[in-house]
Amino acid sequence: MGGKRVYEVEMMNDPAAAGSIIFDRQKIESMIKRAKPPVETLASFKVWDRYNPKHRYAIGADTSKGVGRDHNASVTIDFSPVPARVVGTYKDNAIAPDIFAYELKRQGDIFGSCLVAPEVNNTGWATLTQLKQIYKNIFAQVSKDKQVDTPAKNPTLGWETNRATRPEIMYQLKSAVEDGLLEILDEELLL
């Protein structure tokens, strides 16, 4: 392993930089066998389950420049059943990040104006700036040093991803998937 890769793996806590597979391949292969086609596709938004007003939903969104490389993508999760279930997925590598805000609003509206948590990064600011103007139920981060019972006057909207939070996010997802706490029926997402 070269110096940069060692640094990323050891100092930046990024095991993926070593080329390591994070998820248990046998578990993923088993899930792929149980994958199903969506019940409907609404303008590139694949839906596996229709909205149930008694359920709790949230959308996580990864932003990009929309120039044909990385995708603006989202995953909608229904947290009411056990295990929780991915009920919607979306990806588009051509949509601009500010226009992606309108797509997230559309998806949120489909699932009862559910919570939307877009990534806060360089492109995420464009998404969030527009989303704040058109949608009200946006995830707000509260600093760990703030008291829980004291509401933040200016909460940070969106989900901040950085060198510290990325490994945490990946390993929480790994645990949820491998412990059977999250059902994923989207073969493309599993692949």
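The values are calculated or read from the model by the stated rules, or taken from the named source; none is laboratory data. For clarity, every value in this text was computed on a predicted model and none was experimentally measured. Don't worry about glycine lacking a Cβ; one is built from the backbone with ideal geometry, like all the others, and counts go over all protein chains shown. Remember, those area values only see protein heavy atoms, side chains included, never the ligands or the DNA or RNA. Shrake-Rupley method; radii C 1.70, N 1.55, O 1.52, S 1.80 Å.
When the solvent-accessible area of region 50-191 is split by element, carbon and sulfur atoms take up 54 percent of it, the probe being 1.4 Å.
Here Ser80 and Arg50 are evaluated by their C-beta separation; at R0 = 22 Å the FRET efficiency comes out at 0.95.
Too long at a 18 Å Cα-Cα cut-off: which of Lys65/Lys91; Lys27/Lys174; Lys91/Lys136; Lys105/Lys132; Lys105/Lys136? Where the Cα-Cα span goes over 18 Å, the pairs concerned are Lys91/Lys136.
The listed residues Leu185, Leu191, Leu42, Leu104 rank as Leu191, Leu42, Leu185, Leu104 when sorted by accessible area, largest first, using a 1.4 Å probe.
Grab the Cα-Cα distance for Trp125 and Arg69, subtract it from 0.36 nm times how many residues apart they are, and report the gain in nm with one decimal.
18.3 nm is the gain from fully extending Trp125 to Arg69.
The candidates Thr127, Thr41, arranged from most to least accessible area with a 1.4 Å probe in the full protein assembly, appear as Thr41, Thr127.
Taking a ≥ b ≥ c as the square roots of the eigenvalues of the Cα gyration tensor, region 41-165 is oblate, since a/c reaches 1.5 or more and a/b is not larger than b/c.
With 0.36 nm allotted per residue and the present C-alpha distance subtracted, the Ile134-Glu187 stretch has 15.9 nm of extension available. Under the rule of at least 5 residues apart or a separate chain, name every residue whose amide H is placed under 5 Å from the amide H of Tyr57. Result for Tyr57 returns Phe79, Leu115.
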